[in-house]
Each structure stands twice: as C-alpha cells, then as structure tokens.
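Presented below is the structure to which this report refers.
Please treat every number below as a calculation from the coordinates, not as lab data. Nothing here was measured: the structure is a model prediction, and the numbers come from that model. For neighbour counting, all protein chains shown are included, and Cβ atoms are generated from backbone atoms with ideal geometry for every residue, glycine included.
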Amino acid sequence: MTATTTVAADQLFEQAQTVLAAGVSAGMRVNPYLGKPLFIERGEGAYLYDIDGRRLIDFNMSNGAALLGHDHPAVKEAVQHGVELGIICAAETPFHEQLAARMVEIIPAAERVRFSSVGTEATVVALRVARAATGRSRYLKFDGHFHGLAEQWLFKRADPFDQSSPIVPSSDGVPGHLANDIVMVPWNDADAFERAMKEHGDELAAVICEPIHYNAGCIPPAPGFLDLLRERTNDHGVVLIFDEVLSGFRTSTGGVSATYGVTPDLTTHAKALANGLPLSSISGRADLMAELAPTGGAAHSGTYSGHLLSVLAALATLEILTAPGAYDEINARADRFYGQMQDVFDRNGIPVTVQGKGARFGIYFGRTEPVTTWTDAFHHDHAMNRAFVQQCWERGVTFHGYTKAGPPGHAGFSLAHTDADLDESLNVFDAVAANLAAGRM
Ligand code: PMP
C-alpha cells in the first residue's frame, strides 16, 4: 500500500486515538483489511471523497443505508424541510402517520408500525413484543445471523463447527447465563430446525432470522426454508420475526418477505428506510403490536424515536423506491453486475464465488461451490480477500471489511451507481484479479 497517498488519514487516525476510544465512534468502523477507518470529507452519489482528496467508488454505501446513493437530492430536500420545521423530535406529526400508512401498504407483515431510531433497538423491541405476547422467554436464532450489538444477540457457539459446543457470549461484558434463553441452529438446515422445534417449540417466544443472510455476504434461504419457518412457528404459537434491517428494500419494496412470499408476524427495518438518516421500525400483526405501551405493557419509547428529519427522509426515499419499475431495474442491474464480476474472476483463473441478490452481494474468495451456511462462509480465503480489498482501495474502489476472521462482509451498490461506475469498477477488479492470480498479494 502506498502510505504517501493517505498522509492526512494516517495523521488523523493517530490523533483520533488520543481522544476517541480506539479512534472511532463504532468498533466496526476500523476496516481490518486497511487497519484504519475511512476518513471522509463528503459523499456524492456512488462516491466518497476522503480527506486525502481521493475519489472512491463506494460498495459499502453506509453499511447499506444509502441505497439511493449519498447526498440524494430528494432526501436532502426532505431533511431541509425538517430543519425548517424546527428540528422537532419527541413529538408526533402528520408525517409519521403518512409514513406508517405507506409502510402498511408495501410491507406484507405490517398492519401496524412503530418507529424507533436504530436497527438494534428495533430487534430488541420485536423480541420484547414476542415475549410479552407469548409469556415465554426463550428464542431461536440462527448461527451467525446479526441482529445488532445488544445483549440478546451477542452469543455464538464456542466452536462454530461443533453444534454440540456450548453457546457463549461473543463480547466481553455479556453475562453468560443469558445463553439459557437461546436455541441456536444453522441457517438452511431444515433437519436441525425441525429437531429444535420438536424439542423446544413450545418454550419459544420467537424465531428470528435475517431472511437473506447478508451479514455473511449473501446467503439466500434454501428453497422452502422460509416456508418451513412459517409453518413450524405457526404450529407452536411462536412469533416469527424477519429482521429486514439490512435486507429490507434490497430485493423489492416489500423486502425479502415479498420476494419469497412468506409473511412473518413481526418485521424490523432500518438502514435503507431513510437512506442514511437514523430511523428504524418494528411492524407486524395488529394484535402483536398492541402489546406495545401504552395499549399494552411492553415498553418502548425514546426521545429520538421517529425523528422528524428521518421520517421526512424516509417518505422521500420510499417515493423513489416505489416508483414503477424501480426494482426491475435494480434486480436486472444486480444480475448483470454479479455475472460480470464472476466472469472477471473466472477469466483470471482465481477461485471465487460471487453471491448476490438484489442490491447486495458477497464475494467468497477461494470458493467454487455455493455458500449455503454461515460455517460454509468461514471457508473463504482471508488473505486473498484482504489483498483484494487493499488493492481495490489503492485503485479507488472501496469495500468495507467487518472482521479478520469468519465470513466476509457484505457489499452493495446503490441506484446512483451508473453503468460507467460499474464498468470502471470491473476494470479495477480485473487488474486486481490478475495480480492475485500472479501471486501478488
Ligand atoms: N439487524 C441486521 C440484519 C443488521 O444488518 C444490523 C446492522 N448491520 C442490525 C440489525 C443493527 O442495526 P443498527 O446498526 O442500526 O443498530
């Protein structure tokens, strides 16, 4: 890597570490492959401009929040409107009702909506609603599915490859006894799920999943798997939660639920909902949503819940995403781009599987077989992934990395990525792939 091109960033990171914990405002913001965060001056469309004056084609897009692109004019105008209205929070406005009505129209599970601020809050509250409604406390989650960094979700198998190993905290500071509430099974393993439901179904408040496991790159549900979740949760009176914080609006306006025709009881959204402004939602069956205070006894409130700037941004975002043909274009572009990317790697003779659905994708280096489970996703070539991310970055294309071990992160394009941007990126991938094939890592 050419250190001379990142003088300002290197200096700032050094300085930042003297005042910000670990130099960042979010742990995952340090790109493990670059050893530092991106320091950004501004974003525009498909591009980030860093403080060293470099233009980067962005395939992280604010961890998936900026589906329309950075600095979208309609979103900006909506936020400016909110500023003129007085930067109101902690109050209801007619816009909240309008946004909820729109979501009830387009999201299959949504009969009622409650807004919140971030995805983690939404998944925690969804579980609380399920527990309140069922009077049960245990819940089933899938290996490696990410639902935010709250106590409930910070657990993993001690040995991810051994299903008989204990469920343990994945973070310091999380009490181990909370694992007693969790039943954990591998994604796409129908037999393991059937066994778990037979044994524990009547004790469970909820089954929660990422209906497409994008946090491990992109692992779609096996044919019939979401239907199986729906059937067994119905059989045992368990609340089915689709966490669409990342998958929402990626494949269709109605999310993965609409794409696969399986409707959960509750669903959570954030990220693309407000195109970069902090907004999340819990939505679902009216009777379940009535568990929330003040109609019910399940607590949820917050000073910033449904912040007006975010609500206005979401109205503008959904206006664009619900335009006729929007998803025909997103999905056609996705299929074309992922196919071209796969061709680039194949042509250069490096073993890679590109898996994508809708506007988000994962690249599995060192793999030629489809990746269908989280543990499968572990078996990718980290050294090659690292070299790819570093060398793309040197050539002006940026991917985020989330961890040094485990599955690769997720990537995605936005509606602002033009064919020219994608072609430019493919040329970069080609040059980098040739390097990797020649062992220049
Ligand atoms: N659920 C899923 C599926 C996510 O991808 C994320 C964020 N990556 C979250 C929940 C947590 O959202 P937030 O970062 O807004 O708290």
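Summarising the strand pairing of the chain, around 60 percent of its internal DSSP beta bridges are antiparallel.
Rounded to the nearest 500, what is the chain's calculated 222 nm mean residue ellipticity when only DSSP H runs of at least 4 contribute -39500 (n - 2.57) each, over all residues? About -11000 deg cm²/dmol. Relative intensity of segment 1-65 on a log10 scale, I(q)/I(0) at q = 0.18, 0.20, 0.23, 0.24 Å⁻¹, equals -0.70, -0.86, -1.12, -1.20, per a Debye sum over C-alpha point scatterers of equal strength in the absence of solvent.
Between Gly412 and Asn60, Phe361, the built amide H atoms are under 5 Å apart, and every one of these is 5 or more places off in sequence or on another chain. One chain, two ends: Arg440 and Ser171. Fully extended at 0.36 nm per residue, the span grows by 93.3 nm beyond their Cα-Cα distance. Under a Cβ-Cβ cut-off of 12 Å, what is the net charge of the residues other than Glu424 that fall near it, where Lys and Arg count +1 and Asp and Glu count -1? With Lys, Arg at +1 and Asp, Glu at -1, the neighbours total -2. For the residue pairs Lys271/Lys404; Lys156/Lys271; Lys357/Lys404; Lys198/Lys404; Lys271/Lys357, the C-alpha atoms sit more than 26 angstrom apart in Lys198/Lys404.
Restricting the trypsin sites (Lys or Arg not before Pro) of segment 374-436 to loop positions (DSSP other than H, G, I, E, B) with no more than 14 neighbouring Cβ atoms within 10 Å leaves Lys404. Summary of the geometry: segment 354-408 and segment 170-209, compared by the centres of their Cα atoms, lie 27 Å apart. Taking 7 Å steps out from each Cα toward its Cβ at Ser137 and Ala192 produces label points 2.6 nm apart. Ordering Phe95, Phe59 by the number of other Cβ atoms within 10 Å of each residue's own Cβ, fewest first, gives Phe95, Phe59.
Based on the convex hull around the alpha carbon atoms, segment 77-151 presents an average projected area of 7.4 nm². What's the whole-number percent of alpha carbon pairs in segment 1-128 lying beyond 25 angstrom? Looking at segment 1-128, the distances longer than 25 Å represent 46 percent of pairs. Applying 1/(1 + (r/R0)^6) with R0 = 25 Å to the Cβ-Cβ distance of His379 and Ala431 gives a FRET efficiency near 0.40. Listed peptides 428-434, 251-257, 78-84, 268-274 appear in the order 268-274, 251-257, 428-434, 78-84 once ranked by packing, highest mean of other Cβ atoms within 10 Å at the front. Give the residues of segment 134-178 whose amide nitrogen is closer than 20 Å to a point set 7 Å from the Cα of Asn234 in the direction of its Cβ. The answer is 134, 140.
Paramagnetic label reach from Glu319 (point 7 Å along Cα→Cβ; backbone nitrogen cut-off under 13 Å): within segment 50-84, residues 73-82. Restrict the search to segment 199-282; then list the chymotrypsin sites (Phe, Trp or Tyr not before Pro) that DSSP places in a loop and that have at most 13 other Cβ atoms within 10 Å of their Cβ. Hits after loop and neighbour filter: nothing returned. What the Cα convex hull of segment 354-397 gives, in volume per residue, is 77 Å³.
Overall shape: prolate for segment 178-246, with the ratio a/c of the largest to smallest alpha carbon gyration tensor axis at 1.5 or above and a/b above b/c. Of the residues Leu228, Leu56, Leu309, the one that moves most in a GNM of the chain with alpha-carbon contacts below 10 Å is Leu228.
Please report the projected area of segment 243-347's Cα convex hull averaged over all directions, in nm².
Dividing the Cα hull surface by four gives the mean projection, 8.6 nm².
For segment 62-186, the extents of the C-alpha atoms along the principal axes are 56, 34, 28 Å, listed from largest to smallest. Peptides 323-332, 285-294 ranked from most to least packed, by the mean per-residue count of other Cβ atoms within 10 Å: 285-294, 323-332. Take 417-427, 163-173 and order them by the average number of nearby Cβ atoms within 10 Å per residue, most first; the result is 417-427, 163-173. Treating the Cα atoms of the chain as identical point scatterers in vacuum, please give the log10 of the normalised Debye intensity I(q)/I(0) at q = 0.11 Å⁻¹, two decimals. Each listed q corresponds, in turn, to -0.87. Here the Debye sum runs over all C-alpha atoms of segment 204-300 as equal scatterers in vacuum, and log10 of I(q)/I(0) at q = 0.10, 0.11, 0.12, 0.22 Å⁻¹ comes out as -0.28, -0.33, -0.40, -1.19.
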